[in-house]
Amino acid sequence: MGQNIPGHAQITLRWTPLSEPCVVRLLHPRDRPGRCTVAEKLYDERVDTPPDAEGYERGLGSRQIQMIAIGGAIGTGLFLGAGTAISRSGPSLILSYAVAGLVIFVIMRALGELLTYRPVSGSFAEYAREFLGPFAGYVTGWTYWLFWVVTGMAETTAAAVYVRFWAPGIPQWASALTFLVLLYAANLISVKLFGEIEFWFSMVKVTAIIGMILIGVGVLTLGFSKAGDTASLGHLWQDGGFFPEGIGSTVMTLQIVMFAYLGVELVGVTAGESENPEKTLPRAINTLPWRIMLFYIGALVVILSLVPWTEFRPGVSPFVAAFGKIGIPAAAGIINFVVLTAALSSCNSGMYSTGRMLRDLALRGQAPGRLTRLNSRRTPAFAITVSCLLMGIGVVLNGVVPARAFEYITSVATVCGLWTWAMILISQIRYRRAWRAGHLPPPTFKAPGGTWVSGAALAFLAVVVVLIALDRDNRISLFVFPVWALLLVGGYQVLKRRDPQAVLGAAPDGAPASAGNAPTGNTLDGNALDGNVDAR
């Protein structure tokens with residue numbers, strides 16, 4: 001069928017059975033017929049297939065999604081890393097967490113807009129592929145996979161160290177191996193079991209923080225325990241004021257604070273296995289501000305009111321310091337259990353997300369085809385196995401290679417997280433432009449403020465990169481990431497020679513199509529929004 005539109009090129013549609021791949025051609029009117037330009041691209045068709053066409057079981061209910069969203073925002077960065085940040089900036093760290101939390105909310109609302117438009121387990125990689133091109137999807141998918149692999153290495157090693165608090169005689173490798181095997185088995189059994197384990201891991205973290213807040217409020221109002229005589233909200237502005245180390249030190253802590261939020265985007269990967277993603281995911285994202293207010297801002301206000309900021313030390317959990325001040329017996333043991341849970345939760349999430357991301361890459365021909373396999377319980381068993389083996393190798397290497405060398409490897413995770421967040425924001429901006437141009441359906445879960453708010457969040461992430469470069473303890477990540485980028489570019493060039501269709505990110509024959517709400521799914525490339533659409 002065809003239609004002429006004044007001032008535009010002719011739109012021609014030729015339909016063939018849905019089993020055949022679709023080729024989308026976008027030509028600007030000024031281009032000569034048959035001439036291939038930068039606007040002409042070949043991408044996979046996204047037909048109106050149900051979201052479960054990826055083959056996964058939709059086994060994650062609202063209860064589990066809500067708790068995964070909560071737990072994803074609470075990690076060892078709060079329980080352990082906050083001690084270092086407090087020693088650098090004092091009470092003004094509260095402001096840093098509030099500002100960073102606002103940016104994270106903007107990122108998550110942008111992700112929510114994309115998730116309700118097209119809920120798929122490939123998540124950010126799929127959106128980058130659709131709106132920014134196949135190379136962006138390729139880089140984002142592999143980068144997010146690397147983020148969770150190196151995070152899993154570090155967290156499994158950390159969990160083994162925490163076990164030695166109670167049992168110093170157990171070899172570190174034995175504890176790490178035990179945790180890896182148990183979590184690996186759980187992820188293979190079913191997505192429901194993953195969700196249930198993550199639910200209870202998150203429950204431990206939430207209970208610890210709420211318990212700390214309630215006890216702290218009791219000390220501040222009723223004055224019980226030995227901390228009651230000195231506890232006061234005045235600690236927030238006394239001892240040098242709210243900015244005791246200056247505003248510059250507060251700004252520098254932003255890069256520490258942002259990485260405490262890493263993992264909050266995990267809820268996006270669950271979209272392909274949520275029972276009702278159009279309802280549960282927006283609900284989970286909308287509760288994010290309250291979670292930040294309670295678990296970060298609330299906890300820090302209470303802790304800094306119980307203990308003057310000058311008494312906190314780098315590397316020492318502020319929760320241990322606060323519990324010890326109150327006089328709670330076995331405070332160190334309690335917090336050690338909580339951070340052990342947080343580490344295992346992170347490793348569990350890593351196995352889940354790496355399996356899904358690796359399979360999505362394989363479905364697009366950008367990873368070995370065997371990684372597309374699902375087991376009888378509809379989990380990506382082969383992809384999870386490969387990721388788990390790499391995590392295990394990392395744990396072994398951590399025991400034999402120099403500590404600094406392993407630190408270089410894991411440091412790349414920080415920039416990987418920033419890349420993922422940036423891709424979410426840019427993809428959402430491009431989606432908005434396509435929607436306004438009439439090429440895609442309107443969002444059902446609009447991000448507030450439009451594209452300019454997303455642009456401001458992108459600028460904030462750029463500032464964080466600058467802060468990392470200025471911090472001698474963390475700038476190594478900026479040197480390691482280009483090495484990873486070179487490896488990706490090299491891999492992409494190999495793909496171009498071996499399988500041009502894989503470079504385009506098209507699903508290979510026999511692979512399930514990506515889910516979509518729109519009848520067609522062109523990759524939108526700048527001005528190439530109107531022209532000749534040739535679907536065959």
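Here's the yes/no breakdown for (1) touching a strand residue (DSSP E or B) at 6+ places or on another chain (Cβ under 9 Å); (2) within 21 Å of Ile104 (Cβ to Cβ); (3) part of a helix (DSSP H, G or I); (4) acidic (Asp, Glu):
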site	(1), (2), (3), (4)
Lys279	no, no, yes, no
Pro282	no, yes, yes, no
Ile285	no, yes, yes, no
Met293	no, yes, yes, no
Tyr296	no, yes, yes, no
Val301	no, yes, yes, no
Arg313	no, no, no, no
Phe319	no, no, yes, no
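What about Leu220, is it closer than 30 Å to His235 by Cβ and out of contact with any Leu (no Cβ under 6 Å at 6 or more places or on another chain)?
yes
State yes or no: is Thr156 assigned to a helix (DSSP H, G or I), modelled with pLDDT under 90, of a type in the set (Ser, Thr, Tyr) and on the phi < 0 side of the Ramachandran plot?
Yes, satisfied.
Quick grid of which residues meet (1) at pLDDT below 95; (2) farther than 24 Å from Val257 by Cα:
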| site | (1), (2) |
| --- | --- |
| Met391 | yes, yes |
| Val395 | yes, yes |
| Val401 | yes, yes |
| Ala405 | yes, yes |
| Tyr408 | yes, no |
| Val412 | yes, no |
| Cys416 | yes, no |
| Ile426 | no, no |
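If you take the residues of the stretch 99-113 that are out of contact with any Gly (no Cβ under 8 Å at 6 or more places or on another chain) and either closer than 22 Å to Glu273 by Cβ or acidic (Asp, Glu) (or both), which of them is surrounded by the fewest Cβ atoms within 10 Å (Cβ to Cβ)?
In this case the residue turns out to be Arg109.
Out of Thr151, Thr116, Thr157, which single residue is within 20 Å of Tyr184 (Cα to Cα) and more than 16 Å from the chain's Cα centre (by Cα)?
Thr157
Could you say whether any residue in the stretch 374-387 is farther than 22 Å from Leu266 by Cα, touching a helix residue (DSSP H, G or I) at 6+ places or on another chain (Cβ under 7 Å) and touching a residue at least 24 places away in the same chain (Cβ under 8 Å)?
Yes.
Which residue is nearest to Tyr431 (Cα to Cα), if the candidates are limited to the stretch 462-475 and must be in contact with a helix residue (DSSP H, G or I) (Cβ under 6 Å, 6 or more places away or on another chain) and either crowded, with 17+ Cβ neighbours inside 10 Å or among the β-branched types (Val, Ile, Thr) (or both)?
Within the stretch 462-475, the match that is nearest to Tyr431 (Cα to Cα) is Val464.
Looking only at the stretch 193-203, which residues are surrounded by fewer than 17 Cβ atoms within 10 Å (Cβ to Cβ) and either under 14 Å from Tyr56 (Cβ atoms) or aliphatic (A, V, I, L, M) (or both)?
Leu193, Met203
For Thr178, only one of the following conditions fails: (1) free of Cβ contacts under 8 Å to residues at least 24 places away in the same chain; (2) of a type in the set (Ser, Thr, Tyr); (3) buried (at least 24 other Cβ atoms within 10 Å of the Cβ). What is its number?
(3)
So Tyr184 fits all but one of (1) of a type in the set (Ser, Thr, Tyr); (2) modelled with pLDDT under 90; (3) within 29 Å of Asn336 (Cα to Cα); what number is the exception?
If we test Tyr184 against (1) of a type in the set (Ser, Thr, Tyr); (2) modelled with pLDDT under 90; (3) within 29 Å of Asn336 (Cα to Cα), just (2) comes out false.
Output the number of the condition that Leu418 fails; it satisfies all remaining conditions of (1) within 28 Å of Glu113 (Cβ to Cβ); (2) outside any helix (DSSP H, G or I).
Unmet condition: (2).
Considering each of Val139, Val103, Val120 in turn, give the residue that is touching a helix residue (DSSP H, G or I) at 6+ places or on another chain (Cβ under 7 Å), assigned to a loop (DSSP other than H, G, I, E, B) and either basic (Lys, Arg) or touching a residue at least 12 places away in the same chain (Cβ under 8 Å) (or both).
Result of the check over Val139, Val103, Val120: Val120.
Any idea which residue in the stretch 221-247 is modelled with the lowest pLDDT, counting only those that are among the aliphatic types (A, V, I, L, M) and part of a loop (DSSP other than H, G, I, E, B)?
Ranking the qualifying residues of the stretch 221-247, first place goes to Ala227.
Can you report the number of residues in the stretch 305-339 which are surrounded by fewer than 21 Cβ atoms within 10 Å (Cβ to Cβ), in contact with a helix residue (DSSP H, G or I) (Cβ under 7 Å, 6 or more places away or on another chain), modelled with pLDDT of 85 or more and over 21 Å from Gln238 (Cα atoms)?
2
In the list Leu236, Leu222, Leu266, Leu281, which residue meets the criterion of being surrounded by fewer than 23 Cβ atoms within 10 Å (Cβ to Cβ) and under 30 Å from Leu374 (Cβ atoms)?
Leu266
Scanning for something closer than 30 Å to Gly61 by Cα, aromatic (Phe, Trp, Tyr) and not in a helix (DSSP H, G or I), does the stretch 248-259 turn up at least one residue?
No, the stretch 248-259 contains no residue that is closer than 30 Å to Gly61 by Cα, aromatic (Phe, Trp, Tyr) and not in a helix (DSSP H, G or I).
Hey, any hits in the stretch 355-368 for a residue that's within 25 Å of Asp229 (Cβ to Cβ) and out of contact with any His (no Cβ under 9 Å at 6 or more places or on another chain)?
Looking for residues that are within 25 Å of Asp229 (Cβ to Cβ) and out of contact with any His (no Cβ under 9 Å at 6 or more places or on another chain), one finds none in the stretch 355-368, hence no.
Condition test on Trp145, is it modelled with pLDDT of 90 or more, at negative phi and surrounded by fewer than 19 Cβ atoms within 10 Å (Cβ to Cβ)?
no
Which number in (1) free of Cβ contacts under 8 Å to residues at least 40 places away in the same chain; (2) under 19 Å from Arg63 (Cβ atoms) marks the one condition that Gly218 misses?
(2)
If you check Ala342 against the conditions, is it crowded, with 24+ Cβ neighbours inside 10 Å and under 18 Å from Gly75 (Cα atoms)?
So Ala342 passes the test.
For Phe135, only one of the following conditions fails: (1) surrounded by 24 or more Cβ atoms within 10 Å (Cβ to Cβ); (2) within 26 Å of Ala422 (Cα to Cα). What is its number?
(1)
Return the only residue of Leu440, Leu390, Leu461, Leu358 being touching a residue at least 60 places away in the same chain (Cβ under 8 Å) and either within 21 Å of Pro282 (Cβ to Cβ) or not in a helix (DSSP H, G or I) (or both).
The unique qualifying residue is Leu440.
The values are calculated or read from the model by the stated rules, or taken from the named source; none is laboratory data. These numbers were taken from a predicted model, which means no experiment stands behind them. Every residue, glycine as well, gets a Cβ built from its backbone with ideal geometry; the counts of neighbours run over all protein chains shown.
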